[in-house]
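Just below is one structure, and these are the notes that go with it.
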Amino acid sequence: AGVMESTAVVGRRLRVVRELYSAPNGCRVFRVSDVHAPHQPEYALKQVSFGSPEGPRAVTHEAGVFSSLRHDCILRHVASWTSDADVAQLDDDARVMGARRSRMLGERDDSTFNHHGDVIEVPAWARTCAVDDVAMLADATRRRHVYLYILMELALATAWDALGFLDDEDEAANESSPVVVTTSHVDDATRWRWTISTARALACIHGDGVNLVHRDVNPWNVFVVDRVAAGVLKATGGGWKFAASEKDAALGDFGLAHRLPSPGASRPGQLGYVPLGERLLWGRKGEGGASDLTLSAKSSMFSAPELGSDVGDHTERSGQWSTFRGGAGYGAAADVYSWGLTVLCFFCDDGRDARRTVRAVREASASGQAR
C-alpha cells in the first residue's frame, strides 16, 4: 500500500520481516521494511538463485520483463539487482511450519529468522527503471554474483489465499487438526473487479507495445493490493474481509513470461502487420533459453493444453513463420485459457471446489466437449 518512490531506494538498508514464500527451484520471497523509514510502506523482495533449473539467462530475463511494465493492474516494480549475498537463513522446519501457519491464519507474528543476514542494502548498481537483462547477466557474471533480487510492491495476499482457499496439504492437515479453516469473505463485486483487473493486465501485456505472453496465469499469481491505504480486517473464523472499494487485483510473477514475435508493422491494417493470434512461440526439445517450455510452464493445472505437449525437432518454413512437426505453437490464447480457469476459481466456494472445477474443464477440453 502507499506510493513508492523507486529512485529513493538505492542505498537504503532493508530488514527482513518474514519469509512469505519458498519454492524448490531456488525462489524465495520476503517481506522487508526500510531500516531508515520503518513507518513507511513495506516491500516484497524476491530472491532467485542463478542455480535454478531455468538457468541464469531466464532468471535475469524476468527482471528485464517485469521492470519494463507499468500498469495499474500489474504489481509495481521498484528495483532489481544481482548480488552474491544471501538475504536470510531459515531453519528448514521453521520455514515449513511458518509458511503453513501463515497461509492458514493469514499472518505470522513470530520471527524464525536467524540474526545472520537479515539486513540487505540496495546496492548502487540496482536498477529502478527498465532493466537490460543481457547487460545485467554479463555484469553479474563479472562480479560472480549468484542471486537476482527484485524489490516490488507488497501485496496483501494472493487471490487464492484471500478467498480463504487452502492447498491440498493444508486441507489434509485441517482434517486432523484443531486449526480453524479459513473461509471466504470476499463479496461478488470484488470478485468481478478482480476479473476485470486481470483482464486489463492481460490486455496490457498482449498489446503491440509490450507483446508478451505470461505463461503462468493462476490464482497464486494474482495478488490482492490495497492502494488506498485501507487496513485489512480479519473476519471471525479466519480469512480476509474486504470492503468493496478498497481491494483490487494485480497480476504478478513474470518468471515464465516471454516476448512474442514482432507484430511487424506498427498498427493493424498496415502492410506486414501480424495479428496477435498469429504471433506464436515454439518449444523445442534440447534447446536452452528463456523461450523454451520448461516443466514449470507445462505442469500447472491452469496451463493451456497447447503448453502440455512436446513438439518435434525438425523445422520447415511456411512463409515467414517457423513451424515444427509434431505440435502446434502457443501464444496469447494460452494466457486467456489460464485466465478463464482463474476467474472460475474466483467464484468457487472453497479450494476443493476450485480444483474440482478446473479439472472438469481441463478434462472436457481434452475430450473436445468443452463449451
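Using the Karplus equation 6.51 cos²θ - 1.76 cosθ + 1.60 (θ = phi - 60°), what ³J(HN,Hα) coupling, rounded to whole Hz, does each residue of region 9-20 give in order, writing x for Gly and Pro?
Karplus-based 3J(HN,Hα) across region 9-20 equals 7, 4, x, 7, 9, 10, 9, 6, 8, 6, 8, 9 Hz.
Can you list residues whose amide H is under 5 Å from VAL131's amide H, if they're 5+ apart or on another chain and H is modeled 1.01 Å from N?
Close amide H contacts, sequence-distant or interchain: SER67, SER68.
For LEU260, which sequence-distant residues (separation of 5 or more, or a different chain) have an amide H within less than 5 Å of its own amide H, given hydrogens modelled in the peptide plane?
So LEU260 has HN proximity to LEU212, VAL213.
Which order do peptides 157-166, 135-144 fall in by mean Cβ count within 10 Å, highest first?
Top to bottom by mean Cβ count within 10 Å: 157-166, 135-144.
For region 218-226, what does the Karplus curve 6.51 cos²θ - 1.76 cosθ + 1.60, with θ = phi - 60°, yield as ³J(HN,Hα) per residue in whole Hz, taken in order and with x for Gly and Pro?
6, x, 7, 9, 9, 10, 7, 10, 10
What is the set of long-range amide H partners of PHE50 at a cut-off below 5 Å, with H atoms built 1.01 Å from backbone N?
Sorted by chain and number, the residues that satisfy this are TYR147, LEU148.
Going by average Cβ density within 10 Å per residue, which order do the peptides 10-18, 78-86 take, highest to lowest?
The most tightly packed comes first, giving 78-86, 10-18.
What's the FRET efficiency of ASP349 with ARG13 using the Cβ-Cβ distance as r and R₀ = 51 Å, to the nearest 0.05?
Plugging the Cβ-Cβ distance into 1/(1 + (r/R0)^6) gives 0.70.
All of the numbers you see were taken from the coordinates with simple rules; none came from a lab. Worth saying up front: this structure is predicted, and the values here are computed from it rather than measured. For neighbour counting, all protein chains shown are included, and Cβ atoms are generated from backbone atoms with ideal geometry for every residue, glycine included.
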